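The block underneath contains the structure these notes are about, expressed in structure tokens.
Every number here is computed from the coordinates shown, using simple stated rules; none is lab data. Because the structure is a prediction, the values reported are computed rather than measured. A quick note on method: Cβ atoms are made from the backbone with ideal geometry, for glycine too, and the neighbour counts reach across all protein chains shown.
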There are 2 protein chains.
Amino acid sequence: MKGLDLEKIISEGFISYSNNLAIIPPVGELLFKDPPGDVHIKYGYIINDKYYVIKIASGFPNNNKIGIPNSDGMMLLFNQDTGKPAAILLDEGYLTDVRTAVAGMICAKQFSNKINMIGIIGTGIQARLQLQYLKNITKCREVLVWGRSLNHSKDYKREMEQIGFDVSISSTVNKLCSSCNLIILATSSTEPILFKEDLKSGVHLTALGADTPKKRELGPGVFSMADIIIADSISQCEIRGDISYAIKSGEIDEKRVVELGNVLENSVLGRRTKEQITIAGLTGVAVQDLKIASAIFESYLEKNNEF
Amino acid sequence: MKGLDLEKIISEGFISYSNNLAIIPPVGELLFKDPPGDVHIKYGYIINDKYYVIKIASGFPNNNKIGIPNSDGMMLLFNQDTGKPAAILLDEGYLTDVRTAVAGMICAKQFSNKINMIGIIGTGIQARLQLQYLKNITKCREVLVWGRSLNHSKDYKREMEQIGFDVSISSTVNKLCSSCNLIILATSSTEPILFKEDLKSGVHLTALGADTPKKRELGPGVFSMADIIIADSISQCEIRGDISYAIKSGEIDEKRVVELGNVLENSVLGRRTKEQITIAGLTGVAVQDLKIASAIFESYLEKNNEF
């Protein structure tokens, strides 16, 4: 990833997407019951770009029991001119993790006040990557973490301290929220974890764990407290993730949701006062997969003179 | 493919599908305008089977102009238990061609009267494979072919005579229909080629070229002449291919369509008299891709003792 300006690359993807220059069909989905698992197929292209992408990602929560990672994935690039395969990136989900971390970083940069303490909810891979990428956009190294497992929280604290953060474990989400003005939710929860009582003035929340219709991190009424609501993809967030719950329940009108790519082009759509509460809901868009896979592959070709 | 009983393998797939043992979401689709192209993603699994399949197929009709095949494709198999990739078959569309040919063969065997002359409409790869596979189920070697290009028809005649058929070129579809009691349509036409006036008593038609909402081979009223209408997938044929036109126009009631897997299990649903006209519309179902890819991969593992 060295030498790639991922913030720029992924931001350009969001901007193309919000300008309707990307063709991104609804996410394909396969669900399994025994053992439980879900597979997502995200695919699409930017008009007149070089490649189209088909990204396959799976989550099988019982894998850990047999000693292998729960998530897996690959990204396939094809030439837009001919349909011929260009590259199969067997990244096992790593590039999805990275493009998600970059989207979190972009939201933090765009919507946060000056960050005084970072709140991280969740202790998994994405919770780690979020901090790692936040280093690029803030000097704040103070972190409060909350996770359901104290042991996982301790592991998280130890590892993140190794990369330069000062991490404390919060006993409740509410306490975490009372101290942090940037809060990132990166869990695979299907029940709300953060409630409207937890919100305080000036906070920015990025909820990126809920990427399916069943997953959910934010409680009823949270979005009604927000001054600005941001989605990576409005059409996708109507169906998946936290924003979909708020729209379906009538808590917010869909028209209140602005799209990330539009804000990146026109920052007046973003935070205007220090007091505002801003909430971003990210479900992950194929345009991110397209941009990161294309960048990696082009960089590979360049290094190997395979143009 | 040697040693694999593809008729049995693909038939089992259709039967599982029609017994609702297969989870097959709607086909994913990407369309390109300049240059024109379409990409289909067919995916799914049979419950409690070993793998799930994701099949990617593309057609870029201008590829021939730069000397490469118009169609391409690959099949990916993943383990149902873990989501881990099992195999990536870079078959360039070959296995899709074969499973389609096998489906045509299955329909001919199930629905035709004793075949006295085979009519082939189309002169491409699929028109070739259909004859090749029909050898397995009929002794008839008399063929009439019709194609839009006389040169292509001549090429077809020459090649098919090399594998033991006696091929004549028909000057019109109508003449072809007056002599043949098994007719296979294997074109990429978007306009009807065969009309209701062309039909005669006792014929079986398999239309397999039209696999998208825009493609079409059979004219208005053709299905209303049929005694039995067969689809490989009723839900898919409501959206794609010739049957979809007949349903949308109100020419036939959807309830008249029987599913191939149901007939294969219960042949009373098939032809009952020599006079009946039977028409099968095939759009290609992911269960065929799953079955052929699984069989090829398992056979590979067996040969290489990689169990």
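Using θ = phi - 60° in the Karplus curve 6.51 cos²θ - 1.76 cosθ + 1.60, the 3J(HN,Hα) couplings for the stretch B:282-292 round to 10, 10, x, 10, 4, 5, 5, 5, 4, 5, 6 Hz; x is entered for Gly and Pro. A:Cys140 sits among other residues whose Cβ lies under 13 Å from its own Cβ, and their net charge, with Lys and Arg +1 and Asp and Glu -1, is +3. Projecting label points 7 angstrom from Cα along Cα→Cβ for B:Ser201 and B:Arg148 puts them 3.5 nm apart.
The alpha carbon centroids of the stretch B:46-78 and the stretch A:258-287 are separated by 38 Å.
Distances between copies of A:Pro69, taken at a point 7 Å out from Cα along the Cα→Cβ vector and listed shortest first: 3.3 nm. Once you order the gyration tensor axes a ≥ b ≥ c over the Cα atoms, which shape class does the stretch B:97-285 get: rounded for a/c under 1.5, otherwise prolate or oblate by comparing a/b with b/c? Prolate, since a/c reaches 1.5 and a/b exceeds b/c.
Inter-copy label distances at B:Asp81, shortest first and taken from points set 7 Å along Cα to Cβ: 4.5 nm. Rg over Rh for the stretch A:1-150 works out to 1.00, both radii taken from alpha-carbon positions and Rh defined as the Kirkwood radius. Along the stretch A:244-260 the Karplus relation, 6.51 cos²θ - 1.76 cosθ + 1.60 evaluated at θ = phi - 60°, assigns HN-Hα couplings of 4, 5, 5, 6, 5, 7, x, 4, 10, 7, 3, 5, 6, 7, 9, 9, 3 Hz to successive residues, with x for each Gly and Pro.
Each 10 Å bin, from zero up to the one with the longest distance, holds this percent of the alpha carbon pairs of the protein assembly as shown: 3, 16, 23, 21, 16, 11, 7, 3, 0.
Largest GNM mean-square fluctuation among A:Leu208, A:Leu131, A:Leu30, using chain A with Cα springs under 10 Å: A:Leu30.
Build a GNM of chain B with springs between Cα atoms under 10 Å: which of B:Leu264, B:Leu129, B:Leu90 gets the top mean-square fluctuation? Looking only at B:Leu264, B:Leu129, B:Leu90, the largest GNM fluctuation is found for B:Leu90. Whose amide H sits under 5 Å from the amide H of B:Glu92, counting only residues 5 or more places off or on another chain, with H placed in the peptide plane? Residues meeting the criterion, in which the H sits 1.01 Å from N, are B:Gly73. Applying the Karplus relation 6.51 cos²θ - 1.76 cosθ + 1.60 with θ = phi - 60° to the stretch A:52-67 yields 3J(HN,Hα) values of 10, 10, 10, 10, 10, 9, 10, x, 10, x, 8, 4, 3, 5, 10, x Hz, where x marks Gly and Pro. Cross-linked pairs A:Lys248/B:Lys248; A:Lys200/A:Lys248; B:Lys175/B:Lys274; A:Lys42/B:Lys255; A:Lys215/B:Lys255; B:Lys42/B:Lys196: Cα-Cα separations exceed 29 Å for A:Lys248/B:Lys248; A:Lys42/B:Lys255; A:Lys215/B:Lys255; B:Lys42/B:Lys196. Applying a threshold of 27 Å to the alpha-carbon distances of A:Lys33/B:Lys303; B:Lys8/B:Lys50; A:Lys8/A:Lys303 flags A:Lys33/B:Lys303 as lying beyond it. What is the percent of Cα-Cα separations in the stretch B:34-118 that go past 21 Å? When all Cα pairs of the stretch B:34-118 are counted, 49 percent exceed 21 Å.
I want to verify a result. In a Gaussian network model of chain B, Cα cutoff 10 Å, which of these has the top mean-square fluctuation: B:Lys255, B:Lys33, B:Lys274? Highest fluctuation among the options: B:Lys33. The order of A:His40, B:His204, B:His152, going from fewest to most other C-beta atoms within 10 Å of their C-beta, is B:His152, A:His40, B:His204. Helical content alone sets the calculated 222 nm signal of chain B at -9500 deg cm²/dmol, taking -39,500 (n - 2.57) per DSSP H segment of four or more residues and averaging over every residue.
By Cβ position, the chain B residue that hugs the axis carrying B onto A most closely, with its distance in whole Å, is B:Gly28, 2.
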